[in-house]
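Notes follow once the structure below has been shown.
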Amino acid sequence: MIERNKKLKALLVYPEFPNTYWSFKHALPFAGKRAAYPPLGLLTLSSMLPATWEKKLVDMNVRKLRDADLKWADIVFASAMIVQQDSLREVIDRCKALGVRVAVGGPFVSTGMEHVGDADFLFPGEAELTVPDFLNDLEMGVPEHVYQSSEKPDLTTSPIPDFSLVEMSRYSSMAIQYSRGCPFNCEFCDIIEIYGRVPRTKTNEQVIAELDSLYRTGWRGPLFVVDDNFIGNKKNVRKLMPDLCEWMERHKHPFRLFTEASINLADDDELLSLMKRANFRRVFLGIETPVEESLKETQKSQNTKRSLIESVRKIQAHGMEVMAGFIVGFDNDPADIFDRQIDFIRESAIPMAMVGLLSALPDTQLWRRLEKEGRLLSEGAGTNTEASLNFIPKMDRQTLIDGYKKILQTIYSPEEYYERVRASLKNTFSTGYSPAKAFKKEYVIGFFRVLFKLGMFDSSRKEFWSFLRRVYSERRDLIGDAVVLAVMGYHFRKITEQYCEQ
């Protein structure tokens with residue numbers, strides 16, 4: 001039994017991401033950063049733990065986890081996605097070896113609890129409904145092994161994340177969350193399995209309070225609204241946007257917002273205008289494929305019966321850069337799918353086109369269908385670039401992998417990539433905001449790092465300088481954005497080279 005109000009020591013650990021397209025590990029050093037954004041789930045958990053506890057955060061993407069950190073703790077809390085499973089395994093093993101209790105949650109545990117059953121405490125699903133019971137049981141000395149609720153928590157009960165734990169200078173962006181869940185029914189998606197198809201949102205007051213809290217830390221710069229579909233609950237989003245716009249204008253646009261949304265965002269002119277006013281600068285769309293038969297196969301109805309190109313251009317016309325996800329490997333993909341993906345990405349002027357091989361994630365509809373058809377091979381690592389594939393595709397396996405590599409090598413060649421960036425920047429608006437206002441020394445140092453590495457020593461330096469000259473003549477107000485996208489392109493090219501050598 002634990003004495004009431006005893007000051008326990010809680011270590012919050014975020015496992016390491018492997019080097020993938022999503023890691024941005026080749027881009028972050030240019031800005032002197034170690035990770036894209038901090039672990040929002042663990043920051044939220046920290047605010048749910050007793051105020052009397054001592055709390056520390058170790059993000060293994062920012063610094064190494066030392067034995068001294070583990071020995072300091074009375075209990076370790078770790079959260080991970082499927083792509084972090086190997087690092088999570090290491091964390092659990094080290095805790096067990098040192099005799100430190102470890103509690104594990106996050107998306108990986110929600111769909112793969114059996115892989116981490118040796119952890120002391122497991123939290124599949126969302127924590128708002130289960131952590132209070134765990135804390136009460138812990139205090140009484142009778143904690144259980146698994147804490148799980150069949151209900152979905154009301155997000156109005158979710159606390160403000162504990163931003164005090166974050167070493168801000170190590171991250172390129174901060175993060176907040178407005179909603180969970182998505183109303184659509186994509187076959188390959190695990191989001192709807194974990195968070196449900198009824199999007200739940202925080203109140204306007206909660207969002208403003210989180211912005212105030214983050215603003216007080218001194219952070220100025222990119223802010224990721226991490227919702228898997230920001231417009232999943234359009235009714236509530238429309239109510240939020242006027243208050244969000246007013247806050248951003250009153251504080252002189254301290255944050256550059258970016259988020260994820262479904263492509264039906266293009267159907268709402270009023271919402272697009274409000275997002276532009278609120279300084280949303282980028283939105284990630286799940287486009288997946290230009291082949292309608294494959295979209296129907298995967299139950300992505302929101303992408304059918306529309307011109308995907310026109311939808312992308314509509315969003316771009318409101319000043320937001322479109323970043324998008326694409327997939328190859330659907331049963332209905334035709335033989336020319338690889339050229340069709342390349343042509344679409346080229347025509348849509350999407351610089352950061354994240355193309356992946358179809359992967360069957362545990363507990364998804366796709367997983368269940370392939371298992372029933374006897375085509376499921378393994379669980380996979382969740383990176384979307386696994387040449388091994390975790391299912392038997394309808395297309396010849398080697399043809400699929402070779403075609404996938406062709407897409408990557410084409411779209412991330414310097415000529416193709418820089419041309420898409422230029423076309424994208426023509427639609428990007430300038431608010432007069434610059435990161436230089438917030439971190440002038442850091443910004444200038446990063447700028448010269450880029451010029452030095454990409455402009456002097458990179459094999460594509462000729463294309464880099466040609467690109468900068470053209471952007472300067474066309475949109476010199478966005479030269480900073482162009483440099484950032486050039487760095488992103490360098491990262492994508494390095495990952496492509498690494499993958500295609502396998």
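When you scan region 330-340, do you find a residue that is outside the structural domain of Arg493 (by TED's automatic domain parsing), within 23 Å of the chain's Cα centre (by Cα), buried (at least 21 other Cβ atoms within 10 Å of the Cβ) and in a helix (DSSP H, G or I), even just one?
No, every residue in region 330-340 fails to be outside the structural domain of Arg493 (by TED's automatic domain parsing), within 23 Å of the chain's Cα centre (by Cα), buried (at least 21 other Cβ atoms within 10 Å of the Cβ) and in a helix (DSSP H, G or I).
Taking the conditions exactly as written (touching a residue at least 60 places away in the same chain (Cβ under 8 Å) and of a type in the set (Phe, Trp, Tyr)), does Trp22 satisfy them or not?
So Trp22 fits the description; yes.
Let's see how each residue does on (1) of a type in the set (D, E, K, R); (2) modelled with pLDDT of 95 or more; (3) under 20 Å from the mean Cα position of the chain (by Cα):
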{"site": "Arg277", "(1), (2), (3)": "yes, yes, no"}
{"site": "Glu288", "(1), (2), (3)": "yes, yes, yes"}
{"site": "Glu292", "(1), (2), (3)": "yes, yes, no"}
{"site": "Lys296", "(1), (2), (3)": "yes, yes, no"}
{"site": "Thr304", "(1), (2), (3)": "no, yes, no"}
{"site": "Ser307", "(1), (2), (3)": "no, yes, no"}
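From the residues in region 125-149 that are of a type outside the set (A, V, I, L, M) and free of Cβ contacts under 8 Å to residues at least 12 places away in the same chain, which one is surrounded by the most Cβ atoms within 10 Å (Cβ to Cβ)?
Asp137
Where in region 193-308 are there strands (runs of 3 or more DSSP E), lying fully within it, with 2 or more residues that are β-branched (Val, Ile, Thr) and either in contact with a Ser or Thr (Cβ under 6 Å, 6 or more places away or on another chain) or in the same structural domain as Leu361 (by TED's automatic domain parsing) (or both)?
The qualifying strands (runs of 3 or more DSSP E) are 280-288.
Return yes when Met168 is farther than 24 Å from Glu297 by Cα and in contact with a strand residue (DSSP E or B) (Cβ under 7 Å, 6 or more places away or on another chain) and no when it is not.
When the stated conditions are applied, Met168 does not pass them.
Here's a check for you: in region 36-45, which residue that is surrounded by fewer than 22 Cβ atoms within 10 Å (Cβ to Cβ) and either in contact with a His (Cβ under 9 Å, 6 or more places away or on another chain) or aliphatic (A, V, I, L, M) (or both) is nearest to Leu165 (Cα to Cα)?
Among them, the one singled out is Leu40.
The values are calculated or read from the model by the stated rules, or taken from the named source; none is laboratory data. Not measured: the values here are computed from a predicted model. Reconstructed Cβ throughout: ideal geometry from the backbone, glycine too, with neighbour counts over all protein chains shown.
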